[in-house]
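> Quick one: this structure, given as C-alpha cells, is what I'll be asking you about.
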Amino acid sequence: MGHFSVLHTDTFGNGEVLAIDPYAVRRTEWTVEADYRYPSVNPVAEPGPDGRRPVGETHFRYRIELPFAVWLGGASGPRSVLFSVCAPTSATTLRLYWMAAFDPAVYGNGPVDGAGLQAVEDLIWAPDKAIVESQRPARVFAATEVHRAFDGLGVAYRQALRDLGFAG
Ligand SMILES: [Fe+2]
C-alpha cells in the first residue's frame, strides 16, 4: 500500500496521502489476507475545473491463495474482483493471467469493455513492472531490504513462501 501515492499518481494514486494507516494481516495455511481503505483517484474520470480527477474511497481486499494466485476485491470498483495468477516460466520470468468480474446488480448486465479495462490495467501495472524489473538483486529474499509497517502484507506473503520452501 505504501507505493500507491508515489508510484501510481498517473492513475489511482493519491499524492496527498502521505501516511498509511495500520492494517491487519490474516494468515492461514494457504492464504494471506488484508483489507485496506484508501482515498484513490478515479483513473478514468475527466479532471474537474481545478485540474484534479475525483477522489473516492477504495476498499481493497487482498486474498492471496498460496503460492501464486491473488483475489483483489474492490480495486476496479465496489463489488468488483480482479483475480490474477502468476505462472513461472523460468527462475526469473513468469506469465501473468488475470480476469475481472463485476456484480451485475451494481454494473448492469451489459458487456464489459474488455479492451478499455485492459488499457487501464496496463497503465496501472506499467510502473510496477518497471520497478520490479529494475530491482537488484533480483531475488525477493534479499537480507538487505528494509521493511516498514505498511509492508506487512508483502512480508507475510514472503514468510508464507518461505514456509512452503520457496526461499532457496
Ligand atoms: Fe503497484
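What follows is calculated from the coordinates using simple rules that are stated; it is not laboratory data. This is a predicted model, so every value here is computed, not measured. FYI the Cβ positions are ideal-geometry reconstructions off the backbone, even for glycines, and counts take in every protein chain you see.
> Sort GLU65, GLU46, GLU33 by Cβ crowding within 10 Å, fewest neighbours at the top. Can you show the working numbers first?
Values: GLU65 14, GLU46 7, GLU33 17.
Going from least to most buried by this count: GLU46, GLU65, GLU33.
> If you fit an axis through the alpha-carbon atoms of helix 152-163 and take the longest principal axis of the Cα set of the chain, what angle between them do you get, 0 to 90°, nearest 10?
Between the helix axis and the principal axis of the chain, the angle is about 40 degrees.
> Residue by residue, what Karplus-based ³J(HN,Hα) values in Hz, rounded to whole numbers, does the range 38-46 have, using 6.51, -1.76 and 1.60 with θ = phi - 60° and x for Gly and Pro?
Whole-Hz 3J(HN,Hα) from phi for the range 38-46: 9, x, 8, 7, 6, x, 10, 7, 6.
> If you take the beta carbon distance between HIS59 and TYR107 as r and set R0 to 25 Å, what does 1/(1 + (r/R0)^6) give as a FRET efficiency, to the nearest 0.05? Please report the intermediate quantities before stating the final value.
Details: r = 16 Å, r/R0 = 0.65.
Rounded to the nearest 0.05, the efficiency is 0.95.
> What is the Å³ per residue value for the convex hull set by the Cα atoms of the chain?
On the way: hull volume 23.1 nm³, N = 168.
Convex hull volume per residue, Cα atoms: 137 Å³.
> Give me the angle, in degrees from 0 to 90, between the Cα long axis of helix 114-134 and the longest principal axis of the Cα atoms of the chain, rounded to the nearest 10.
Tilt of helix 114-134: around 40 degrees.
> Here is a further query. Could you tell me the largest-minus-smallest coordinate of the C-alpha atoms of the range 1-86 on each of the three principal axes, in descending order and whole angstroms?
Its Cα atoms span 50, 24, 21 Å along the three principal axes.
> Another question, if that's okay. Using +1 at the Cβ of each Lys and Arg and -1 at the Cβ of each Asp and Glu in the chain, identify which of ILE131, ALA87, ALA19 lies farthest towards the dipole's positive end.
Final value for the positive-end residue is ALA87.
> Could you calculate the contour length gain from THR92 to ASP21, that is, 0.36 nm times the residue separation minus the distance between their Cα atoms, to one decimal place in nm? Please list the in-between numbers first.
Working: separation 71, 0.36 × 71 = 25.56 nm, distance 3.30 nm.
The span from THR92 to ASP21 would gain 22.3 nm if fully extended.
> Further question on the same structure: Collect residues whose amide H, placed 1.01 Å from N in the peptide plane, falls under 5 Å from the amide H of THR58; neighbours closer than 5 in sequence don't count.
TYR38, SER40
> Nearest 20 debye, what's the magnitude of the dipole of the chain about its Cα centre given +1 on Lys and Arg Cβ and -1 on Asp and Glu Cβ?
Values: 15 positive and 19 negative charges, 94 e Å.
With only Lys, Arg, Asp and Glu charged at Cβ, the dipole is about 460 debye.
> In debye to the nearest 20, how big a dipole does the range 22-96 give about its Cα centre with +1 on each Lys and Arg Cβ and -1 on each Asp and Glu Cβ? Intermediate values should be presented prior to the final figure.
Numbers: 9 positive and 7 negative charges, 11 e Å.
Here the size comes out at about 60 debye.
> Can you give me the relative contact order of the chain as a percent, contacts being Cα pairs under 8 Å and 6 or more apart? Mind dumping the intermediate values first?
On the way: 227 pairs, mean separation 31.0, N = 168.
RCO, the chain: 18 percent.
> Using Cα springs under 10 Å in a Gaussian network model of the chain, which residue among VAL70, VAL55, VAL112 shows the largest mean-square fluctuation?
In this elastic network of the chain, the residue with the biggest mean-square fluctuation among VAL70, VAL55, VAL112 is VAL112.
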